[in-house]
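Single-structure report; data block below.
The values are calculated or read from the model by the stated rules, or taken from the named source; none is laboratory data. Please read all numbers here as calculations on a predicted model, not as lab measurements. Every residue, glycine among them, receives a Cβ derived from its backbone with ideal geometry; neighbour counts consider all protein chains shown.
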Amino acid sequence: MGRAAYYKGKLAEPLWEHGVTSFDIDRLSDDELATLLRRLRDDDEYHQQISEAATARFHSVVDWDSEAQAVRELIEGAVG
């Protein structure tokens, strides 16, 4: 939950899927936000669903092997 505009053009932008993995508070009225917060607080199944969707999206976007290779190359280049 936050402001999607903050993540625009940043590394985390692909993780934002309003209503699926996150919620853009700028797209919600005050009443909608209050309702959503209560639902996340009170509905364990819904909270779990959103959490699982965010985790799945993270794993589909982040390529650990590619990240590890990039770090390896950076270290090897620095060491020489």
Can you tell me which residue within the stretch 1-37, out of those that are among the small types (G, A, S) and assigned to a loop (DSSP other than H, G, I, E, B), is surrounded by the fewest Cβ atoms within 10 Å (Cβ to Cβ)? G9
Would you be able to say whether some residue in the stretch 59-74 is among the β-branched types (V, I, T), surrounded by 12 or more Cβ atoms within 10 Å (Cβ to Cβ) and either in contact with a His (Cβ under 9 Å, 6 or more places away or on another chain) or at pLDDT 95 or above (or both)? no
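Taking the stretch 38-58 as the search range and keeping residues that are among the hydrophobic types (A, V, I, L, M, F, W, C) and under 21 Å from E13 (Cβ atoms), which one is surrounded by the most Cβ atoms within 10 Å (Cβ to Cβ)? So that I can check it myself, show each step before the final result.
Here is the first cut: in the stretch 38-58, the residues among the hydrophobic types (A, V, I, L, M, F, W, C) are 40, 50, 53-54, 56, 58.
Okay, now just the ones that are also under 21 Å from E13 (Cβ atoms), so 50, 53-54, 56, 58.
On the way: I50: 20, A53: 15, A54: 16, A56: 12, F58: 13.
Only one residue fits best here, namely I50.
Within the stretch 54-80, can you find the residues that are part of a helix (DSSP H, G or I) and either in contact with an Asp or Glu (Cβ under 8 Å, 6 or more places away or on another chain) or within 30 Å of G19 (Cβ to Cβ) (or both)? Let's see the steps before the verdict.
Residues of the stretch 54-80 that are part of a helix (DSSP H, G or I), as a first pass: 54-61, 64-79.
Those that are part of a helix (DSSP H, G or I) and either in contact with an Asp or Glu (Cβ under 8 Å, 6 or more places away or on another chain) or within 30 Å of G19 (Cβ to Cβ) (or both): A54, T55, A56, R57, F58, H59, S60, V61, W64, S66, E67.
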